[in-house]
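This report refers to the structure that appears directly beneath it.
Derivation of every value follows stated rules applied to the coordinates shown; laboratory data play no part. Here the structure is a predicted model, which means the values were calculated and not measured. Note: ideal-geometry Cβ built from the backbone for every residue, glycine included; neighbour counts use all protein chains shown.
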Amino acid sequence: MDKIIGANETEQIRRNYETLSGTELMKRNLYRPWPARITSITELTATEKLFELRLIDPEVREAFTHTAGQFVELSIFGVGEAPISISSAPSKQGFIELCVRSAGSVTGVLHDKQCGDIVGLRGPFGRGFPFEEMKGHDILLVAGGLGIAPLKSLINHIHDERHAFGNVTILYGSKNPSEVMFRSQFEMWQHRKDFNLILTVDNTEDQPWDGEVGVVTKLFNRIDIDPNNTYAAIVGPPVMYKFVIAEMRKKGLHFDRIYVSFERAMKCGIGKCGHCMVGHQYVCVDGPVFNYWEAANIQGAM
């Protein structure tokens with residue numbers, strides 16, 4: 001049964017949202033999608049595309065800010081809307097990147113769109129990664145499959161302020177080589193001495209591949225970390241979380257410095273509809289990013 005939210009809770013949600021987003025969009029109308037033009041489309045895999053969007057209203061565009069890990073509600077007028085994690089870094093002003101898998105009515109129609117077409121955006125919503133807390137520390141990022149999309153925002157944000165961080169290690173696993181996304185950017189990161197990027201696939205399926213083969217947890221044998229000076233983030237299929245966290249614990253990482261992102265069936269984005277409720281938390285408002293201690297105390301989250 002959906003939780004009934006009182007007036008006080010609704011007002012708190014509004015205040016929390018405005019504090020997290022720092023934009024004028026929510027102050028004007030919590031439910032209104034703002035028109036955005038598709039300015040670029042990049043095919044990443046057979047099922048994923050990267051869309052670059054530009055909000056049409058200059059005042060709204062200027063006011064839009066986000067933190068890595070937040071999401072927007074993407075509207076296809078006459079079809080519906082879907083929650084999509086923001087892939088671009090907060091420092092990329094004027095444009096918003098969304099990595100979208102064709103997996104339903106809204107995303108399927110979006111994949112048929114062309115540059116110049118108009119869609120709608122609400123948000124940003126939710127709580128992102130604690131970027132300011134992470135500064136001054138080593139960073140370990142682990143992604144599985146489409147989980148690299150929200151982590152790309154965090155990686156690029158770290159890239160833009162690289163001087164503020166210690167060692168940065170990125171572990172990324174895909175099912176097979178054809179499903180590895182952001183190939184060109186990975187090549188750039190692999191050639192940088194201040195990024196340690198290791199890729200793996202579950203199975204090569206007879207495709208050309210010069211990276212590791214095996215599940216992403218296998219890569220922990222190749223890295224050394226300072227557990228007292230490291231923040232970690234994990235994004236991917238929920239089934240991988242307990243195994244990745246187990247490997248992090250073997251390395252001595254502290255629970256309160258391990259962050260996970262949950263992708264639930266979010267609808268309204270402001271904690272009113274109850275679709276994303278897990279345990280006593282609304283993922284769209286209280287998350288989607290949680291530290292491990294928070295997530296472990298939410299019934300059914302892990």
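The convex hull around the C-alpha trace of region 169-239, projected and averaged over every direction, spans 5.5 square nanometres. Hey, in the GNM for the chain with a 10 angstrom Cα cutoff, which one of H137, H163, H275 fluctuates hardest? So, out of H137, H163, H275, the one fluctuating most is H163.
Taking the chain as a Gaussian network, Cα atoms linked when under 10 Å apart, which of I96, I170, I223 shows the biggest mean-square fluctuation? Judging by the Gaussian network model, the answer is I223. Given the chain, what percent of its DSSP beta bridges are antiparallel, to the nearest 5? Close to 60 percent.
Can you run phi through the Karplus equation (6.51, -1.76, 1.60; θ = phi - 60°) for region 218-227 and list ³J(HN,Hα) in whole Hz, with x for Gly and Pro? With the stated coefficients, region 218-227 comes to 4, 6, 5, 5, 9, 10, 10, 9, 9, x Hz. Measuring between their Cα centroids, region 83-148 and region 221-248 lie 22 Å from each other.
Each Lys and Arg Cβ is given +1 and each Asp and Glu Cβ -1; about its Cα centre, region 233-283 then shows a dipole of about 40 debye. Since only L199, G69, T169 are under comparison, the one whose Cα sits farthest along the positive direction of the charge dipole of the chain, derived from C-beta charges on Lys, Arg, Asp and Glu, is G69. Stokes-Einstein D for the chain at 10 °C, 1.306 mPa s, Kirkwood Rh over Cα pairs, in µm²/s? Value of D from the Cα-based Kirkwood radius: 80 µm²/s.
Comparing E212, E263, E132 in a Gaussian network model of the chain, where Cα atoms under 10 Å apart are tied by springs, the biggest mean-square fluctuation is seen for E132. Applying the Karplus relation 6.51 cos²θ - 1.76 cosθ + 1.60 with θ = phi - 60° to region 77-87 yields 3J(HN,Hα) values of 4, x, 10, x, 9, 9, x, 9, 5, 7, 9 Hz, where x marks Gly and Pro. Each helix, a run of at least 4 DSSP H residues, gives -39500 (n - 2.57); summed and divided by the residues of the chain, these come to -7000 deg cm²/dmol at 222 nm. With N the number of residues in region 131-261, Rg(Cα) / (2.2 N^0.38 Å) evaluates to 0.99.
Ranking T217, N229, V289 by how far each Cα lies toward the positive end of the dipole of region 152-302 (charges on Cβ) leaves V289 at the top.
Charge dipole of the chain (Cα centre as origin; +1 on each Lys and Arg Cβ, -1 on each Asp and Glu Cβ, all else neutral): 400 debye, rounded to the nearest 20. Taking the Cα centre of region 131-261 as reference, the dipole from Cβ charges on Lys and Arg (+1) and Asp and Glu (-1) amounts to some 220 debye.
Using bins of 5 Å that start at zero, the share of Cα-Cα pairs per bin across region 59-119 amounts to 4, 17, 26, 25, 17, 10, 1, in whole %. Sorting 226-233, 68-75 by their mean Cβ neighbour count within 10 Å, with the most densely packed peptide first, gives 68-75, 226-233.
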